[in-house]
Number of protein chains: 6
Amino acid sequence: MSTLGFIEYEKASPEVKAVYDDIMATRKIDKVTNFWKALAHDPVRLKRTWEDTKQIMGEGALDPLVKELIYVAVSVSNQCDYCIAAHTAAARKKGMAEAMFNEMLAVVGLANSNNRLVAGLQVEIDEQFKAIG
Amino acid sequence: MSTLGFIEYEKASPEVKAVYDDIMATRKIDKVTNFWKALAHDPVRLKRTWEDTKQIMGEGALDPLVKELIYVAVSVSNQCDYCIAAHTAAARKKGMAEAMFNEMLAVVGLANSNNRLVAGLQVEIDEQFKAIG
Amino acid sequence: MSTLGFIEYEKASPEVKAVYDDIMATRKIDKVTNFWKALAHDPVRLKRTWEDTKQIMGEGALDPLVKELIYVAVSVSNQCDYCIAAHTAAARKKGMAEAMFNEMLAVVGLANSNNRLVAGLQVEIDEQFKAIG
Amino acid sequence: MSTLGFIEYEKASPEVKAVYDDIMATRKIDKVTNFWKALAHDPVRLKRTWEDTKQIMGEGALDPLVKELIYVAVSVSNQCDYCIAAHTAAARKKGMAEAMFNEMLAVVGLANSNNRLVAGLQVEIDEQFKAIG
Amino acid sequence: MSTLGFIEYEKASPEVKAVYDDIMATRKIDKVTNFWKALAHDPVRLKRTWEDTKQIMGEGALDPLVKELIYVAVSVSNQCDYCIAAHTAAARKKGMAEAMFNEMLAVVGLANSNNRLVAGLQVEIDEQFKAIG
Amino acid sequence: MSTLGFIEYEKASPEVKAVYDDIMATRKIDKVTNFWKALAHDPVRLKRTWEDTKQIMGEGALDPLVKELIYVAVSVSNQCDYCIAAHTAAARKKGMAEAMFNEMLAVVGLANSNNRLVAGLQVEIDEQFKAIG
């Protein structure tokens, strides 16, 4: 059970509805997901989170599908079940094939393992990696 | 100072040298980095880690650059300084422009934030995300 | 299903009952929560955990409500569902308004994001922050 | 060495300078810290991060000092050295006494320990914590 | 619901069946657990994960029970419910008494707490710990 | 630089000296490490942390060396450099051979990887792991 419950569209204030409308129009969906309906208890947070998300996840130097894969990868690494479910679905919608999902997951596992081998062995940074790009 | 120190090429056993040689040939570099020289204290581990890494990070359904970006993203999320330095360098070598680095980082920040909003609000998974793909 | 199950008051040993009694008296509640009933399988651990908790979460330089907010913030950051549920309830009992909960959560999200921007950019500590307080 | 280096005020573009000016005015300081100078490589990110930070960390239902304590607590829990140094300094500036720092830290330690006891024992959420507030 | 569902033995390809057979023979069980059936969607990953697991968790300088305890400890620290359940069962099968489980858990809690006290206090490494072993 | 600096034995209050004396006697060392000297700014915390540590890390159902290995494993997983250095030294003093260190580290890497494979695949807990022990 969600901590504060959900704000459904019908009961939302005009400012919340405006954000919901923008989410639905941007994503071409006909209802917003639970994440947004939980955030809406604080309309300023809802608007800020949506605008950050829209700006960050949109077109840019990286393809939106690559961004979704990175988002899922971080959520898997952090073990956030909701985020994994929601963004795996979003990634599929943007064209993620099962093989892409599996390869992303393999990288997440490998990085999590190697990060700890580095820590345990207290490996020092190589000189050539210290230069500024 | 690294926990066990480094095994330099000149002092390495034949089985360690064979792995070092494969790393240098695969990556087109002329010396292996500290990570591998620390792992080499346990030759079985060195070989296993390298073979997993080579298999997972190579060509596949995802481009090797995308895999590097995911690897850096997880390492940033886990705050592993060595891994960030080494794999940011690797990603640049594979063509990562600064704008790509910045966008990847923005996604990592956003996912880490949203993962916690979801947790704090105890958001339940939407029905449509529960279906098997 | 809890790993070891719960020790109910009626079946508890005298030393476990003594801790349960102190928890109920301190918190003005009439039954202990599942956390303590799971800990009670190891009476020394139960006593140590309770005494640490009582000492740390009580009155001091910080208000007990502020301490609860910090406890919830860490539990959200770590994504411990049980801890979020139990300590959000505890914070409400100590006077946490919904706006306070939402602001705490916004700080947790922000810190989790900024922590990773810092890591990804490998930001060095400013000289003025290195002095001892 | 920071990944991308720092953008100093003198060399900043007008839009970056505008953000730097707002940071200095808001915080009553005469130079911005390394975090902002690293973020400035991507002016959109700089502006977004600053505006989110300003909005979230300002006056509200919670006192700005309490917010700083929560920010430090999360950064300690995540072990982000830069963030701990910078925000401990900020908290002191807002009036954090050493005893407050120590109590905050004790709560962070306790929550991190108890979060794991809960996980290890797989404690189920008590019925009374499942109700919506 | 698992993201990709499970590959049951009857429907598995010969290469997947070969790994399943080796798991069952090595562990003296008559069916493989969900983890392996989920991994089997990518037969290369299934084989790699199983071979790494078999090599790492087998007899060596450390007793297999000690390895299971370390595995559970890390999974508790990371709060992976599936892993805790599966490896606690595996540890019991290898002889873990309840008192051993409880002591392992106490160490996990303590280390998680002390790790953060160290971070918050920014404790510098003692000279005597810097020497190579 | 440590946040609060260190309390040296000569300048310590009698209650702090008493804890330092017990640490040195228990561990058969002639000076306490930086961790304890940083904790001593809050004598109640120093005493509580030491007594918990002494109780938890001492003889029991698990050998003290096994406990040290678990402590190092968690610290590696959390990437706490100080803790890794200090407890690797402690483990060596209790008899940890290099092969034991390497095997412990391999388990930490494996568990960190597998924890994420489980998360990404959203693997459900097998029925046989749900029973109470």
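E:S2 fulfils the conditions (1) part of a loop (DSSP other than H, G, I, E, B); (2) modelled with pLDDT of 95 or more except for a single criterion, (2). For region B:26-37, a tally of residues being under 13 Å from A:N114 (Cα atoms) and not in a helix (DSSP H, G or I) returns 0. Looking only at region E:76-133, residues that are within 18 Å of E:V66 (Cα to Cα) and of a type in the set (K, R) come to 3 in all.
Assess whether D:A89 counts as being free of Cβ contacts under 8 Å to residues at least 12 places away in the same chain, farther than 29 Å from B:Q122 by Cβ and crowded, with 18+ Cβ neighbours inside 10 Å.
Here the answer is yes, as D:A89 does meet what is asked.
Give the residues of region F:98-132 that are small (G, A, S) and assigned to a helix (DSSP H, G or I), sorted by residue number. Within region F:98-132, F:A99, F:A106, F:G109, F:A111, F:S113, F:A119, F:G120 qualify.
Looking only at region D:15-27, decide whether some residue is acidic (D, E), within 19 Å of the chain's Cα centre (by Cα) and more than 25 Å from B:M100 (Cβ to Cβ). The answer is yes; a qualifying residue exists. Of the candidates D:A90, D:A106, the single residue that is more than 7 Å from every other protein chain (Cβ to nearest Cβ), among the small types (G, A, S) and within 30 Å of F:S77 (Cβ to Cβ) is D:A90.
Test B:G95 against the criterion of being more than 10 Å from chain A (Cβ to nearest Cβ) and not in a helix (DSSP H, G or I), and give yes or no.
Working: more than 10 Å from chain A (Cβ to nearest Cβ): yes; not in a helix (DSSP H, G or I): yes.
Answer is yes for this residue.
Of the set (1) open to solvent by less than 30 Å² (accessible area, probe 1.4 Å); (2) closer than 17 Å to C:L117 by Cβ, all apply to B:A40 but (2). So E:N78 fits all but one of (1) farther than 25 Å from F:E98 by Cα; (2) touching a Phe, Trp or Tyr at 6+ places or on another chain (Cβ under 6 Å); what number is the exception? Result: E:N78 passes all but (2).
Which residues, counting only those in region C:65-86, are more than 8 Å from chain D (Cβ to nearest Cβ) and under 11 Å from the mean Cα position of the chain (by Cα)?
Taking region C:65-86 first, the residues more than 8 Å from chain D (Cβ to nearest Cβ) are C:65, C:68, C:72, C:76, C:79, C:84.
Once the filter is applied, which keeps residues that are more than 8 Å from chain D (Cβ to nearest Cβ) and under 11 Å from the mean Cα position of the chain (by Cα), region C:65-86 yields C:E68, C:V72, C:V76, C:I84.
Looking at the structure I just gave you, is E:A38 free of Cβ contacts under 8 Å to residues at least 12 places away in the same chain and within 10 Å of chain F (Cβ to nearest Cβ)?
So E:A38 fails the test.
For E:R45, are the conditions met, namely being more than 7 Å from chain F (Cβ to nearest Cβ), under 30 Å from F:D30 (Cα atoms) and open to solvent by less than 50 Å² (accessible area, probe 1.4 Å)? Show your work before the answer.
Working: more than 7 Å from chain F (Cβ to nearest Cβ): yes; under 30 Å from F:D30 (Cα atoms): no; open to solvent by less than 50 Å² (accessible area, probe 1.4 Å): yes.
For E:R45, the condition - more than 7 Å from chain F (Cβ to nearest Cβ), under 30 Å from F:D30 (Cα atoms) and open to solvent by less than 50 Å² (accessible area, probe 1.4 Å) - is not met.
The set of residues in region B:109-133 being within 7 Å of chain A (Cβ to nearest Cβ), among the hydrophobic types (A, V, I, L, M, F, W, C) and open to solvent by 20 Å² or more (accessible area, probe 1.4 Å) consists of B:I125, B:F129.
Of the listed requirements (1) over 23 Å from E:I84 (Cβ atoms); (2) at pLDDT below 95; (3) not aliphatic (A, V, I, L, M), E:R27 misses just one: (1). Those residues that are open to solvent by less than 10 Å² (accessible area, probe 1.4 Å) and of a type in the set (S, T, Y), I need them from region B:50-82; list them, please. If the condition is that a residue be open to solvent by less than 10 Å² (accessible area, probe 1.4 Å) and of a type in the set (S, T, Y), then B:T53, B:Y71, B:S75, B:S77 are the ones that fit. Any residue that is under 20 Å from B:G109 (Cα atoms), open to solvent by 50 Å² or more (accessible area, probe 1.4 Å) and part of a loop (DSSP other than H, G, I, E, B) - is there at least one of those in region D:7-25? No, there is no match, as no residue in region D:7-25 is under 20 Å from B:G109 (Cα atoms), open to solvent by 50 Å² or more (accessible area, probe 1.4 Å) and part of a loop (DSSP other than H, G, I, E, B).
Kindly provide the set of residues from region E:60-75 that are without any contact (Cβ under 8 Å) to a residue 24 or more places away in the chain and in contact with a helix residue (DSSP H, G or I) (Cβ under 7 Å, 6 or more places away or on another chain), ordered by number.
Looking only at region E:60-75, we keep the residues that are without any contact (Cβ under 8 Å) to a residue 24 or more places away in the chain, and these are E:60-63, E:66-67, E:70-71, E:74-75.
E:G60, E:A61, E:L62, E:V66, E:K67, E:I70, E:Y71, E:V74, E:S75 - these are the residues of region E:60-75 that are without any contact (Cβ under 8 Å) to a residue 24 or more places away in the chain and in contact with a helix residue (DSSP H, G or I) (Cβ under 7 Å, 6 or more places away or on another chain).
Within region E:53-73, the set of residues being acidic (D, E) and assigned to a helix (DSSP H, G or I) comprises just one member, E:E68. When every residue of region B:9-16 is checked against the conditions, at least one turns out to be under 24 Å from E:W50 (Cα atoms) and at pLDDT 95 or above.
The values are calculated or read from the model by the stated rules, or taken from the named source; none is laboratory data. Treat the numbers as computed from the prediction; the structure is a model and nothing was measured. Because the Cβ atoms are built from the backbone with ideal geometry, glycine has one as well, and the counts that use them run over all protein chains shown. Surface areas here come from the heavy atoms of the whole protein model, side chains and all, with no ligands, DNA or RNA. Shrake-Rupley method; radii C 1.70, N 1.55, O 1.52, S 1.80 Å.
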